[in-house]
Structure formats: structure tokens, C-alpha cells
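The next block holds one structure in the form of C-alpha cells; read it before the comments.
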Amino acid sequence: MNICVFCASSPQVSERFKEEARVIGRYIAEKGHTLVYGGATGGLMDAVAEAAHEGGAEIIGVIPEVIMRKGRESGLSSRLFRVGTMEERKDMMKEYADVFVALPGGYGTLDEVFDVLASGMAGEHDKPLVLVNTDDYWGSLLQQFQKMHAEGLAYRSPRVRLTVVQSADEAVREIEENLFADVQ
């Protein structure tokens, strides 16, 4: 199974968030899955990729030119795809992924989460997204989702398979118990 992980590349992330990323990376390696991620260095991206790499997992990195020019290309990918734009990066990650996991992150992570949700709603895919709400990181966003639904500005669709969990351990259980058979 190809597990695409969206997460922060900022070097200022907390050790708590890094450990959550390592849990996901170790799980991917232990189960023989493939990590699909942004292919850049820093923060949670390094943590998840290092843990997956140490366990011998295949790693697919997708990195846009703008990030490569900043010298932030990770050397941990088994296969690294260089693309022109952030949009191409998201499209390629969606193509390769069977399931998405979103750890805490910034604007890029939000963009990836919204892209997966919106493209799923539009019917482009029906791939599940597991949002890891460590320390209530996504709490305000989840409240906004509730408000959007309550105001009739968004609706629930069986194509959007969003699951919210409170930790990386719960994300692993969700993938194993509820999603693994769905994506095989």
C-alpha cells in the first residue's frame, strides 16, 4: 500500500510532533508499505522519511523545482520525482497514494488536505484521508468544517472519506483495521 503523508517541513516543530511522524514512518516500513511524500528536508518530513528509510521502506518523493532550488531535496527517497510546480506535486502524490495521512503542518499541508478533500468531493478519487489531530492541532479547522456543514455550505459525501484520530498510533490502527482491505 502507498501511504502519502502530508506534514510540516519547518525545522521549528516540536519533538512531540516529530515522534508522531516517526510512528507513521516506522509503521510504513514494518508493514512493507511505501511512503509517498514531498521529498524535501526539514521538520516532520525528515522525521517520517528517516524512520521509513531506517526500516527499509520504499520511499517516493515528489519535489517541485522551487524547493529544489532552495537546496532542500531529501536524499532519502528510493525514487524522487522532480516536478515543475506545487500543483504537479499534489497531482502526482494523489496518483501514487492509496491512502493519505495528514500530520500537523502549515500552509502547504493545509493546501494538500484541502486538495484531497475537494478533489474527492468532485469525484476525482475516493481515497481515504486520516487527519492526525495530535494535541488538538486541527481543532479549529474541524470546528470550521462543522460550521460549513451547519450553514449548508458544504455537504457530506461518501466520496470524501475523512477520518479524524488523536494520535499516530490511532492512525496506524485505523489504516490496519478499517482502510487496508479497502485499498487492496
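The values are calculated or read from the model by the stated rules, or taken from the named source; none is laboratory data. Since this is a predicted model, take the numbers as computed values, not measurements. We place every Cβ from the backbone using ideal geometry, glycine too, and count neighbours over all the protein chains shown. Protein only, heavy atoms only, side chains kept; ligands, DNA and RNA dropped before computing areas. Shrake-Rupley method; radii C 1.70, N 1.55, O 1.52, S 1.80 Å.
The C-alpha radius of gyration of the chain, expressed as a fraction of 2.2 N^0.38 Å, stands at 0.96. Distant-in-sequence amide contacts of S10, defined by a placed amide H-H separation under 5 Å and a gap of 5 or more residues or a different chain, comprise L44.
For V164, the shell of other residues with beta-carbons less than 13 Å away shows a net charge of -2, using +1 for Lys and Arg and -1 for Asp and Glu.
Surface analysis of region 94-154 yields an accessible area of 48 Å² per residue, using protein heavy atoms and a 1.4 Å probe. Summary value for the chain: 23 percent relative contact order, contacts being C-alpha pairs under 8 angstrom separated by 6+ residues.
Residues whose amide H lies under 5 Å from that of F81, counting only those 5 or more places away or on a different chain, are G61, V62, I63; hydrogens are built 1.01 Å from N in the peptide plane. Separation of region 118-184 from region 1-58 is 19 Å, based on Cα centroids.
At each listed q (0.15, 0.21 Å⁻¹), what is the log10 of I(q)/I(0) that the Debye formula gives for region 1-108 modelled as equal alpha-carbon point scatterers? Listed by q, the Debye log ratios stand at -0.52, -1.06. Length gained on full extension, E95 to Q144: 14.9 nm, using 0.36 nm per residue less the C-alpha separation. Along the Cα-to-Cβ line of H125, 7 Å from the Cα, sits a label point; which residues in region 43-70 have backbone N less than 17 Å from it? Residues passing the 17 Å test: 59-64.
Relative to the longest principal axis of the Cα atoms of the chain, helix 139-150 runs at roughly 40 degrees. With helices as the sole contributors, the chain gives -13000 deg cm²/dmol at 222 nm; each DSSP H run of n ≥ 4 counts as -39500 (n - 2.57), and the sum is divided by every residue. Counting protein heavy atoms only, region 1-41 has 46 percent of its accessible area on carbon and sulfur, 1.4 angstrom probe. Electrostatic bookkeeping for S74 treats Lys and Arg as +1 and Asp and Glu as -1; over the other residues with beta carbon under 10 Å from its beta carbon, the sum is -2. Residue-wise HN-Hα couplings along region 91-105, as the Karplus relation 6.51 cos²θ - 1.76 cosθ + 1.60 with θ = phi - 60° gives them from phi, are 4, 5, 5, 5, 5, 7, 6, 9, 8, 10, 10, 10, 8, x, x Hz; Gly and Pro carry x. The string of couplings for region 76-85 from the Karplus curve (6.51, -1.76, 1.60, θ = phi - 60°) is 8, 6, 6, 10, 10, 9, 9, 10, x, 9 Hz, one whole number per residue in order, with x for Gly and Pro. Sorting the segments 24-37, 51-64 by their mean number of nearby beta carbons within 10 angstrom, highest to lowest, gives 24-37, 51-64. In the frame of its principal axes, region 32-80 has Cα extents of 32, 19, 12 Å, reported largest first.
Given their separation in residues at 0.36 nm each and the Cα-Cα distance between them, T85 and D111 gain 8.0 nm when the chain is fully extended.
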